[in-house]
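Q: Right, I'll just put the structure down here and ask away after.
Only the coordinates and a few stated rules stand behind these numbers; no lab work does. Predicted, not measured: the structure shown is a model, and the values here were computed from it. Reconstructed Cβ throughout: ideal geometry from the backbone, glycine too, with neighbour counts over all protein chains shown.
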Amino acid sequence: MIDQDSKILLEVRGLCATVNNSEILKGIDLTIKSGEIHAIMGTNGSGKSTLAKVLAGHTDYEITGGTVDFEGKNLFDLAPEERARAGIFLGFQYPIEIPGVANNQFLRLAFNTAQVQQNKDELDPLEFDDLVREKMKLLEMNPDFLDRSVNENFSGGEKKRNEILQMSLLDPKIAILDETDSGLDIDALRIVSNGVNQLANKDNATILVTHYQRMLNYIVPDYVHVMESGRIVKTGGKQLALDLEKHGYDWVTIEKTAAVGA
Amino acid sequence: MSVGTDSKSLKGMLKGQSQLPISPLERINQLRSNAVNQVNALNLPTKHDEEWRFTDISPLTKISFQSAREASPLKDSDVEHFYLTEAVTRLVFIDGVYAPHLSTQIAEPFKKSGVVVSNLAAASSEDLAAIESHLGSHTELQDNIFAALNTSFLHEGALIIVPQNISVEAPIHLLFIATQKEVSSHPRCLLIAESNSRVTVIEDYVTLREETYITNAVTEFVLADSAHVNHVRIQRDSKEAFHIANCSVSLAQNSNYQSVSIAFGARISRYNLSVLLKGEGAECAADGLALISNRQLADTHACIDHIKPHCTSHQLHKCIIDDAAHAVFNGKIIVRPDAQLTNSTQSNRNLLLTSKARIDTKPQLEIFADDVKCAHGATIGQLDNEEIFYLKSRGLSEVTARDLLTYAFGAEVIERIPVASLKLRLEQVVHKQTQRD
């Protein structure tokens with residue numbers, strides 16, 4: 001939902017980043033206000049997943065230029081865990097499996113870390129159990145997920161639902177969902193999208209990083225950005241995603257070339 | 001020269017052997033005298049022996065060990081913290097000596113149906129035939145000075161017999177408690193699981209004092225057709241102690257052996273596990289965890305031998321090595337020419353927590369059949385950066401993330417223990433040992 005009066009949550013200016021000395025992000029500008037849903041689309045290798053990881057603080061990437069302000073603070077002053085506690089959430093494309101740690105134990109640990117950060121009381125296992133079971137209903141998750149090891153032997157769809165469950169528990173200000181739609185069948189896509197829609201409100205923002213338009217049938221974006229070679233080359237409304245689906249990513253490149261030619 | 005000193009020292013450990021009472025069982029007397037000859041003929045292995053390449057056992061020779069004559073006068077209250085709620089039947093040995101007043105009998109209905117859980121030295125005449133045919137039959141003494149030394153002292157021990165079609169639900173706890181300095185004990189276990197029987201056995205080595213002593217155990221498990229045995233082995237000896245153990249398992253047709261072996265204790269430990277899949281369709285899982293620190297050395301040698309077709313074996317052995325500790329894993333899978341359609345996996349995963357920690361690992365496959373599915377491998381490393389980032393992205397600190405992942409690394413094995421209270425206790429040990437903050 002676009003509201004001119006809502007406040008700026010994230011302000012990205014001229015962001016450049018490299019991995020192993022190879023430049024992946026070449027000057028990204030992006031402004032995210034509360035209440036908004038942004039889709040970042042692009043081909044494989046366009047840099048969209050890198051942008052997601054850089055914002056979450058992945059240490060493989062080196063920031064070589066630009067600034068990112070998060071609620072008026074320099075995001076790069078914060079370690080990944082501090083960003084998480086401050087309200088940045090990254091939904092992983094490939095959630096990590098942790099055999100040996102029960103999902104409920106992990107979820108409670110993450111939840112209570114956030115509680116402490118916000119000067120709220122930690123929940124004991126019983127209190128937490130009530131809360132998490134309620135949240136799981138939203139995602140139509142079977143309660144036996146709680147006793148299984150984190151993501152171990154979960155199907156693709158189960159892993160993504162578990163990511164959104166974490167998002168619902170941590171209640172972030174900005175959720176960056178990296179290829180959350182990949183590996184989902186249509187039922188799982190509907191459930192996960194429904195979960196994301198329920199969690200979106202006027203005070204938070206969502207960034208959907210995706211290759212395909214199909215998730216945007218369920219989660220309607222306010223803005224669609226197209227990335228190519230480490231830059232945002234086109235920004236538009238939800239219609240842009242439909243045009244991309246119809247014409248392919250080449251269309252943006254051709255259009256751009258044509259514009260330059262004219 | 002050093003060899004002479006070494007072997008002399010082990011011969012020194014035979015002191016007191018001649019004072020053992022003569023057994024009414026001729027088999028036992030024979031085994032003993034044969035074993036004494038072996039001990040006298042063998043030298044202590046050195047790092048020049050392939051089987052002991054990475055494990056220097058010579059510190060053993062610096063101490064003169066003696067066997068305990070009688071059990072320390074311990075009361076339940078001294079040791080009940082080792083007891084397990086689920087295990088109503090328990091045999092307790094103190095410094096190798098059977099402690100009847102701390103042990104508990106198998107429940108009457110089981111006793112009536114022929115289940116035996118007793119001290120080997122007090123075996124009743126009905127069980128002699130079974131003992132005759134199995135005791136010592138599954139353990140090779142040739143080239144195994146420690147098994148020979150144990151057999152030289154063959155006297156007391158744990159005897160478990162589960163008759164055909166009997167299922168013993170509650171686990172049986174074999175508790176070996178060390179209490180004295182410079183004592184050598186030679187625990188012995190024999191389990192005979194008759195066809196289609198079912199039982200869970202916990203072999204548990206604990207200590208009341210952080211002293212130097214040696215535990216030198218021999219365990220034999222015999223599974224008849226379709227028998228199902230869970231074997232949990234916990235080695236939590238003193239961190240100054242020596243722990244040597246030989247376990248031989250024989251599996252008949254369609255039998256199933258599930259084992260989890262945990263090593264927390266001992267200055268130097270060596271566990272030899274030998275599983276023989278002798279009947280078609282036999283299954284075995286042999287998982288292990290060594291969690292060691294300071295200057296501990298934990299060595300596991302496993303040999304899983306597929307003799308017949310359609311057998312399955314899975315082994316996951318993990319080591320968490322802290323400080324300057326040293327773990328050794330040697331896992332050999334043999335698939336004999338007859339053993340077609342074998343399905344075997346073996347994985348050894350090691351987590352080194354410091355730059356001084358060390359692992360020597362050698363997974364070996366020897367396959368002589370052509371239609372088999374075998375996979376094996378070893379990994380050595382530190383914690384995975386992607387895993388750490390995942391946890392940090394959920395707000396966990398670096399230290400918490402590392403602790404959690406280290407804990408999880410060990411918990412994956414502990415989780416497979418089918419005894420809830422034991423599992424919980426061991427999880428707490430792992431938790432405590434993997435916390436940095």
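Q: For chain B, set up a Gaussian network in which alpha carbons nearer than 10 Å are linked by springs, and say which option among B:Glu427, B:Glu366, B:Glu412 fluctuates the most.
A: B:Glu366
Q: In 10 Å bins starting at 0, how do the alpha-carbon pair distances of region B:385-437 split up by percent?
A: 27, 44, 26, 4
Q: At 4 °C and 1.567 mPa s, what whole-number value in µm²/s does Stokes-Einstein give for the translational diffusion of chain A, with Rh from the Kirkwood sum over Cα pairs?
A: 68
Q: Looking at this model, which pairs from B:Lys15/B:Lys75; A:Lys73/B:Lys392; A:Lys53/A:Lys234; B:Lys318/B:Lys362 are more than 24 angstrom apart at the alpha-carbon?
A: Checking Cα-Cα distances, B:Lys15/B:Lys75 exceed 24 Å.
Q: I need to check one value: relative contact order of chain B, counting alpha carbon pairs closer than 8 Å and at least 6 residues apart, in percent.
A: 10
Q: Percent of Cα-Cα pairs per 20 Å bin, from 0 to the last occupied bin, for chain B, please list those.
A: 26, 60, 14, 0
Q: May I pose another question? Net charge near B:Ala378, counting Lys/Arg +1 and Asp/Glu -1 over other residues with Cβ under 12 Å of its Cβ?
A: Result for the local shell: +2.
Q: For region A:1-127, what log10 I(q)/I(0) values come out of the Debye formula at q = 0.15, 0.22, 0.23 1/Å, with one point per alpha carbon and no solvent?
A: Values returned for q = 0.15, 0.22, 0.23 Å⁻¹ are -0.86, -1.36, -1.41.
Q: I would also like to ask the following. If contacts are Cα pairs under 8 angstrom and at least 6 residues apart, what is the relative contact order of chain A in percent?
A: So the answer I get is 27 percent.
Q: When only C-alpha pairs under 8 Å and at least 6 residues apart count, what is the relative contact order of region B:385-437, in percent?
A: 38
Q: So for region B:9-66, Kirkwood radius off the Cα pairs, Stokes-Einstein at 25 °C and 0.890 mPa s: how many µm² s⁻¹?
A: The estimated diffusion coefficient comes to 185 µm²/s.
Q: Can you give the local net charge around A:Glu127? Use residues other than it whose beta-carbon is closer than 15 angstrom to its beta-carbon, Lys and Arg +1, Asp and Glu -1.
A: Summing Lys and Arg as +1 and Asp and Glu as -1 gives -2.
Q: May I pose another question? Distance between Cα centroids, region B:198-254 to region A:202-236: provide it in whole Å.
A: Cα centres, region B:198-254 to region A:202-236: 59 Å.
Q: When the Debye formula is applied to the Cα atoms of region A:160-222, each taken as the same point scatterer, what base-10 log of I(q)/I(0) results at q = 0.14, 0.17, 0.23, 0.29 Å⁻¹?
A: Log-scaled intensity ratios, in q order: -0.34, -0.50, -0.97, -1.58.
Q: Quick one: Kirkwood hydrodynamic radius for region B:96-249, alpha-carbon pairs, angstrom, one decimal?
A: 15.9
Q: Sort B:Lys62, B:Lys332 by Cβ crowding within 10 Å, fewest neighbours at the top.
A: Listing B:Lys62, B:Lys332 from fewest to most nearby Cβ atoms yields B:Lys62, B:Lys332.
Q: To continue, here is another question. Compute the signed sum of charges (Lys and Arg +1, Asp and Glu -1) over the other residues within less than 9 Å, Cβ to Cβ, of B:Thr219.
A: Taking every Cβ under 9 Å from that of B:Thr219, the sum is 0.
Q: Using alpha carbon centroids, what distance separates region A:114-186 and region B:313-346, in Å?
A: A separation of 36 Å, based on Cα centres.
Q: Whole-Hz Karplus ³J(HN,Hα) for region B:207-219, in order, using 6.51 cos²θ - 1.76 cosθ + 1.60 and θ = phi - 60°, x for Gly and Pro?
A: Residue by residue, region B:207-219 yields 9, 9, 9, 7, 10, 8, 8, 10, 10, 10, 9, 10, 10 Hz.
Q: Quick one: what does P(r) look like for region B:1-155 with 5 Å bins over all Cα pairs, in whole %?
A: Histogram of Cα-Cα distances, whole percents per bin: 1, 8, 14, 16, 16, 15, 14, 10, 4, 2, 0, 0.
Q: Let me ask something additional. Please report the orientation-averaged projected area of the protein assembly as shown, defined via the convex hull of its C-alpha atoms, in nm².
A: For the protein assembly as shown, averaging the hull's shadow over all directions gives 36.3 nm².
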